[in-house]
Amino acid sequence: MAFEEFRAQELEGWDERAGTYEGLTARATTQAIPALLVSIRARVGIKVLDICTGPGFAAGAADAIGATAEGIDFAPSMIATASTRFPRLDFRVGDALALDAPDASYHAALCNFGVFHFTDPGVALGEAFRVLKPGGRYAFSQWASPKESALFGRVFGAILKHADMSRVPPSPDAFAYSDTKKCRQAMSEAGFREIEITPVPSIYHGPADGFWAEFLQFSVRAPIIMRQQTQEAAAAIETEITAAMAEFAQGGMLAIPMPSFVVSGVKPE
Ligand SMILES: C[S@@+](CC[C@H](N)C(=O)[O-])C[C@H]1O[C@@H](n2cnc3c(N)ncnc32)[C@H](O)[C@@H]1O
C-alpha cells in the first residue's frame, strides 16, 4: 500500500491521543460540527455514520438532535473513549477507506477533519457515497491551506524552512483538499451532486506559554515530521514558531485563526 509507514504512524499517534484529545484537539475540531450537521440536514430518526469519529463528538451531537448515530475510527483507543463518553451509541473500529457497512445503509454520513489524514481521500469519498441511501447527504470538514491560515501558515512555514523533509516517511499532501475546486471535483467524481461549501471561522485557543509543546500533542503530522529532525533544526523551528505566536497572545491566552470549511453533497435518487 502506498504511504504505509505514514498510515502506521498516524494510527499510532491518534491511538496515543485518545486521553488528551478532548481538552486539546477537540477545542478546535468541534467548532465545525454545527456546520456538518446542517449540511447533512441532521434530524430526528435518520441513521448517520460519523467516519473518523475520534472520541465521538459529532456522533454525540447528531444523537442529541434525535438522529441514530454510529461512529467508526481506525484507532481502538478513540473507539474505547467514544464508547465510554456516549455509552448508548454504537462505535466500532473501522477504516474510512474500506467501510464495514452494506451499500445504501445510512441516510447521512459525515467526517470531521478526517480527509487531512487519509492516504487516499478519493477512496474515502467513494466509500461514503457507497454506504449512503439514494438522496442521502455526506459532509466533511477540512482545514484551510497555510496561505489562508494564521496557524498552519506559521507552523508549516517554519517547518518547511528548517526541516529536512527527505527524512520523513512519504505522505499525501495534507492540504490538497484545502482547495475547494479540488473538493468539488473529487465530490463530483465520487458521484455527489448539489455540492456546497460552507466556511467555518475556526480558532485555536490555548495558553500563551508552551504553544509548541501543546501543538505537538494536538497534531499527529507535526510530530511525525519533528521526530526525524536534527536537534538544531528542531530548535530553529521551535524558536521561529514561538516568536510568531506571540502576536496572538492576550491575557495569557492565544486565539489563533485556523479557518476551515465544510464540503457537502447529495447522492442522487
Ligand atoms: C483530527 S481527528 C478527528 C476526530 C473527530 N472526528 C473530531 O470531531 O474531532 C482524526 C481522526 O481520524 C481517525 N482516522 C484517520 N485515518 C483514518 C482512517 N483511514 N480510517 C478511520 N479513522 C481514521 C484518527 O484515528 C482520528 O481519530
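Along the charge dipole of the chain, which of Trp14, Thr239, Ala174 sits closest to the positive end, that is, farthest toward it, with unit charges on the beta carbon of Lys, Arg, Asp and Glu (+1, +1, -1, -1)?
Farthest towards the positive pole: Ala174.
At a 1.4 Å probe radius, carbon and sulfur cover how many percent of the accessible area of segment 31-141?
60
Largest first, what is the accessible-area ranking of Lys133, Lys161 with a 1.4 Å probe?
My answer, sorted largest first, is Lys161, Lys133.
Based on the alpha carbons, how large is the Rg to Rh ratio for the chain when Rh follows Kirkwood?
For the chain, the value is 0.96.
Any chance you could list P(r) for segment 124-269, counting all Cα-Cα pairs in 5 angstrom bins from zero, rounded to whole %?
2, 9, 16, 17, 15, 13, 11, 8, 6, 2, 1, 0
Taking the Cα of Ile65, stepping 7 Å toward and past its beta carbon, and measuring to each backbone N in segment 25-56: which are under 11 Å?
From segment 25-56, the list is 33-44.
Of all the Cα-Cα pairs you can form in segment 201-243, what percent are over 12 Å apart?
64
Would you check the accessible area of Ser188, probe 1.4 Å, heavy atoms only, in square angstrom rounded to 10?
Solvent-accessible area, nearest 10 Å²: 50 Å².
Expressed as a whole number of Å, what is the distance separating the alpha-carbon centroids of segment 52-109 and segment 138-216?
23
At a probe radius of 1.4 Å, what is the per-residue accessible area of Met226, in Å² to the nearest 10?
Approximately 20 Å² for this residue.
Which value, in debye to the nearest 20, describes the size of the charge dipole of the chain about its Cα centre when Lys and Arg Cβ atoms bear +1, Asp and Glu Cβ atoms bear -1, and nothing else is charged?
760
With runs of 4+ DSSP H residues as the only contributors, calculate the mean residue ellipticity of the chain at 222 nm using -39,500 (n - 2.57) per run, divided by the residue total and rounded to the nearest 500.
-11500 deg cm²/dmol
Can you list the lysines whose alpha carbon sits under 21 Å from that of Lys133, skipping same-chain ones fewer than 8 residues off?
Lys47, Lys267
Can you give me the accessible area per residue for segment 119-269, using a 1.4 Å probe, in Å²?
Heavy-atom accessible area per residue stands at 45 Å².
What FRET efficiency comes out for the pair Glu22/Val44, r = Cβ-Cβ distance, R0 = 25 Å, nearest 0.05?
0.40
How long are the three semi-axes of the equivalent ellipsoid of segment 156-236, in whole Å, if each is the root of 5 times an eigenvalue of the C-alpha gyration tensor, listed from largest down?
So the three semi-axes of segment 156-236 are 31, 18, 9 Å.
I'm checking a number: the convex hull volume of the Cα atoms of segment 1-103, normalised per residue, in Å³. What is it?
Value for segment 1-103: 112 Å³ per residue.
The values are calculated or read from the model by the stated rules, or taken from the named source; none is laboratory data. Everything numeric here is computed off the predicted structure, so don't read it as measured data. In this analysis, Cβ positions are derived from the backbone assuming ideal geometry, glycine residues included, and neighbour counts consider all displayed protein chains. SASA here: full protein model, heavy atoms, side chains in, ligands and nucleic acids out. Shrake-Rupley method; radii C 1.70, N 1.55, O 1.52, S 1.80 Å.
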